[in-house]
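Peer 1: Dropping the structure in here first, questions after.
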Amino acid sequence: MWTNWSGGQQCRPQRTDRPLDEAGVASAVRRAAERGLTVRPVGAGYSDSTLALTGDVHLDCSALTGIVGLKDDVVRVRAGARLAEVHTALAAQGRALATVPHGPAATVAGAIATGVHGGSRRGGSLSAQVVGARFVDGHGVLRVADDAELDALRCHLGVLGVLTVVALRTVPAERIDAHEEVVDIAEAVAPGGPLDTRPWATLELHQPSGEALLRWAGPAEHRVPAVEATGPLEAIGRVVTRVGHSASAQWSAQRSRPTPRWEGVPTGAPYELLPGPDPSRAAYTEWAVPREALPAALRELGSAAAARELEIRRPVEVRVGPAESGWLHPAYGRETGWIAVRSPRGDGHGPLFRLVGSVLEGMGGRPHWAGRHDWTAADITVAYPRFADFRAVRDRLDPDRLFAGAHIEELLGP
Ligand SMILES: Cc1cc2nc3c(=O)[nH]c(=O)nc-3n(C[C@H](O)[C@H](O)[C@H](O)COP(=O)(O)OP(=O)(O)OC[C@H]3O[C@@H](n4cnc5c(N)ncnc54)[C@H](O)[C@@H]3O)c2cc1C
């Protein structure tokens with residue numbers, strides 16, 4: 001029995017292959033085809049959606065690790081390398097990934113498959129850094145991606161082939177200062193506010209308490225002086241600007257409170273400071289709404305949850321990011337506000353997540369592919385203008401639908 005990281009997704013594959021190299025991937029793919037079985041590649045199992053589930057062959061890519069090489073600003077990494085491994089290897093060479101998401105244990109291929117993003121508007125998602133890839137297609141043939149395929153591969157959902165090596169653009173390594181401030185929600189999420197202007201920023205909303213904690217970071221020249229110290233974090237000596245009030249009304253009740261993570265204003269590499277401790281396991285849904293709709297989306301979500309007396313017991317995480325070019329990337333073609341909602345394991349997330357989905361879909365939201373959602377090919381056809389192009393690439397690379405299964409067919413169609 002295979003179980004994902006959260007414990008919320010399980011499957012019983014007929015067979016699990018764990019290839020050690022490209023040749024092993026190609027033969028595992030061909031073997032499955034000969035037996036008439038489908039294949040689902042899997043990385044660290046950090047996704048909470050059904051993407052990696054199969055009753056046929058699981059292709060566990062986690063042994064395809066290591067850095068192949070760094071030339072100029074491009075690093076070539078094996079697709080099963082964990083992000084943590086890539087961060088530290090690059091740091092030793094004075095380079096860094098432009099994107100630092102929270103889950104350092106995710107694999108490069110898995111993170112690209114689902115469009116994983118961080119909290120910085122500068123570089124975009126990890127998918128946006130992809131400049132090349134090698135993969136085994138649905139015929140079991142090793143290929144080098146051509147430029148015309150890259151925007152399909154940027155958010156590939158594991159249906160175009162099994163990635164073996166990915167080339168990623170890197171940036172010079174930098175050191176940042178990290179800050180925590182209790183802020184007014186409306187000011188924090190307004191266009192042109194700190195989410196947009198700080199080099200790295202994440203807003204944590206506590207629905208029950210109505211408080212918002214801004215975690216942000218930037219090089220020393222971005223340091224701004226603390227304004228006043230009057231908020232709930234003051235008691236434990238944190239930097240505080242303003243405490244949320246009227247704009248937080250929809251988020252008011254009692255229970256969860258912001259928990260500071262950092263002592264003082266720590267300095268370090270983004271990958272050392274930003275990911276945070278591995279959270280306790282939770283069901284997760286995340287939506288990408290147009291950036292300009294973010295304030296209204298949060299207000300709407302807060303009031304809808306309050307009206308239905310649905311408690312959001314984990315902090316809601318809000319980030320922003322630039323428009324993406326990946327054809328199935330949730331931020332495709334538009335600047336985006338990301339809203340992530342988590343529910344403790346065993347807490348019955350169904351009603352809350354359905355509400356989140358219906359409210360945010362109504363505001364033009366598209367689901368993060370790694371989170372829970374109920375989208376099907378019909379929704380994707382409406383929301384993604386390049387879906388037909390993605391399908392054309394899929395038809396060419398995997399005409400027999402080797403990388404499929406019931407869940408994938410529901411999501412993407414036959
Ligand atoms: C603690 C935690 C923190 C997170 N933080 C963030 C965050 O900050 N930002 C964000 O956007 N997301 C975040 N996520 C979501 C997570 O990072 C993504 O789900 C990512 O896809 C996980 O990578 P993985 O290696 O676990 O992939 P898996 O979940 O194993 O697989 C995901 C997809 O990748 C495909 N796949 C895997 N390997 C290959 C391969 N070699 N070739 C082809 N397809 C492949 C699978 O078939 C599947 O479709 C977080 C998740 C957790 C649990």
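The values are calculated or read from the model by the stated rules, or taken from the named source; none is laboratory data. Note that the structure is predicted; figures quoted are calculated from it, not measured. Don't worry about glycine lacking a Cβ; one is built from the backbone with ideal geometry, like all the others, and counts go over all protein chains shown. Heavy atoms of the whole protein, side chains included, go into the accessibility calculation; ligands, DNA and RNA do not. Shrake-Rupley method; radii C 1.70, N 1.55, O 1.52, S 1.80 Å.
Peer 1: From the list 307, 282, 297, 293, which one is within 26 Å of residue 87 (Cα to Cα) and either outside the structural domain of residue 195 (by TED's automatic domain parsing) or small (Gly, Ala, Ser) (or both)? Full working, then the answer.
Peer 2: On the way: 307 fails: within 26 Å of residue 87 (Cα to Cα); 297 fails: within 26 Å of residue 87 (Cα to Cα); 293 fails: within 26 Å of residue 87 (Cα to Cα).
Testing whether each residue is within 26 Å of residue 87 (Cα to Cα) and either outside the structural domain of residue 195 (by TED's automatic domain parsing) or small (Gly, Ala, Ser) (or both) leaves just 282.
Peer 1: Out of 154, 175, 121, 82, which single residue is touching a strand residue (DSSP E or B) at 6+ places or on another chain (Cβ under 9 Å) and surrounded by fewer than 19 Cβ atoms within 10 Å (Cβ to Cβ)? Reasoning before the result, please.
Peer 2: Details: 154 fails: surrounded by fewer than 19 Cβ atoms within 10 Å (Cβ to Cβ); 121 fails: surrounded by fewer than 19 Cβ atoms within 10 Å (Cβ to Cβ); 82 fails: surrounded by fewer than 19 Cβ atoms within 10 Å (Cβ to Cβ).
Residue meeting the stated conditions: 175.
Peer 1: Only one residue in 60, 56, 73 is more than 24 Å from residue 26 (Cβ to Cβ), more than 8 Å from the ligand (Cβ to nearest atom), acidic (Asp, Glu) and out of contact with any His (no Cβ under 7 Å at 6 or more places or on another chain). Which one? Outline the logic, then answer.
Peer 2: On the way: 60 fails: more than 24 Å from residue 26 (Cβ to Cβ); 56 fails: more than 24 Å from residue 26 (Cβ to Cβ).
73 is the lone residue from the list that is more than 24 Å from residue 26 (Cβ to Cβ), more than 8 Å from the ligand (Cβ to nearest atom), acidic (Asp, Glu) and out of contact with any His (no Cβ under 7 Å at 6 or more places or on another chain).
Peer 1: Check whether at least one residue in segment 98-113 is in contact with a Cys (Cβ under 8 Å, 6 or more places away or on another chain) and either of a type in the set (Val, Ile, Thr) or assigned to a loop (DSSP other than H, G, I, E, B) (or both), and report yes or no.
Peer 2: Yes, there is a match, as at least one residue in segment 98-113 is in contact with a Cys (Cβ under 8 Å, 6 or more places away or on another chain) and either of a type in the set (Val, Ile, Thr) or assigned to a loop (DSSP other than H, G, I, E, B) (or both).
Peer 1: Only one of (1) more than 8 Å from the ligand (Cβ to nearest atom); (2) over 21 Å from the mean Cα position of the chain (by Cα); (3) not in a loop (DSSP other than H, G, I, E, B) is not met by residue 87, so which one is it?
Peer 2: For residue 87, the exception is condition (2).
Peer 1: Can you give me the ranges of the helices (runs of 4 or more DSSP H) entirely in segment 337-414 with at least 1 residues that are out of contact with any strand residue (DSSP E or B) (no Cβ under 8 Å at 6 or more places or on another chain) and within 22 Å of residue 110 (Cα to Cα)?
Peer 2: Passing ranges, in order: 377-383, 387-397, 406-412.
Peer 1: hydroxyl-bearing (Ser, Thr, Tyr) and either in a loop (DSSP other than H, G, I, E, B) or without any contact (Cβ under 8 Å) to a residue 40 or more places away in the chain (or both), is that true of residue 49? Write out each step before concluding.
Peer 2: Details: hydroxyl-bearing (Ser, Thr, Tyr): yes; either in a loop (DSSP other than H, G, I, E, B) or without any contact (Cβ under 8 Å) to a residue 40 or more places away in the chain (or both): yes.
So residue 49 fits the description; yes.
Peer 1: A further question follows. Here is a list of conditions, (1) in contact (Cβ under 8 Å) with a residue 60 or more places away in the chain; (2) more than 8 Å from the ligand (Cβ to nearest atom); (3) more than 30 Å from residue 399 (Cα to Cα); (4) surrounded by fewer than 23 Cβ atoms within 10 Å (Cβ to Cβ), and residue 102 meets all of them except one; can you say which number that is?
Peer 2: (2)
Peer 1: Would you point out the residue of segment 105-152, among those that are at positive phi and within 12 Å of the ligand (Cβ to nearest atom), that is nearest to the chain's Cα centre (by Cα)?
Peer 2: Ranking the candidates gives 115 first.
Peer 1: Quick check on my filter: what residues within segment 1-46 are part of a helix (DSSP H, G or I) and within 13 Å of the ligand (Cβ to nearest atom)?
Peer 2: Hits for segment 1-46 are 22, 24, 25, 26, 28, 29.
Peer 1: Do we have residue 314 as open to solvent by 20 Å² or more (accessible area, probe 1.4 Å) and assigned to a strand (DSSP E or B) here?
Peer 2: Values: open to solvent by 20 Å² or more (accessible area, probe 1.4 Å): yes; assigned to a strand (DSSP E or B): no.
No: the conditions fail for residue 314.
Peer 1: Let me ask something else. Considering only segment 179-208, how many residues are part of a strand (DSSP E or B) and under 21 Å from the mean Cα position of the chain (by Cα)? Spell out how you get there, then give the answer.
Peer 2: Our first condition is that a residue be part of a strand (DSSP E or B); within segment 179-208, this holds for 179-183, 200-206.
Now restrict to residues that are under 21 Å from the mean Cα position of the chain (by Cα): 200-206.
Looking only at that region, the number is 7.
Peer 1: Which one of 60, 17, 21 is buried (at least 20 other Cβ atoms within 10 Å of the Cβ) and in contact (Cβ under 8 Å) with a residue 12 or more places away in the chain? So that I can check it myself, show each step before the final result.
Peer 2: Details: 17 fails: buried (at least 20 other Cβ atoms within 10 Å of the Cβ); 21 fails: buried (at least 20 other Cβ atoms within 10 Å of the Cβ).
Criteria check complete, one pass: 60.
Peer 1: Do the conditions hold for residue 159, that is, is it outside the structural domain of residue 270 (by TED's automatic domain parsing), within 12 Å of the ligand (Cβ to nearest atom) and either over 27 Å from residue 271 (Cα atoms) or in a helix (DSSP H, G or I) (or both)? Let's see the steps before the verdict.
Peer 2: On the way: outside the structural domain of residue 270 (by TED's automatic domain parsing): yes; within 12 Å of the ligand (Cβ to nearest atom): yes; either over 27 Å from residue 271 (Cα atoms) or in a helix (DSSP H, G or I) (or both): yes.
Yes: the conditions hold for residue 159.
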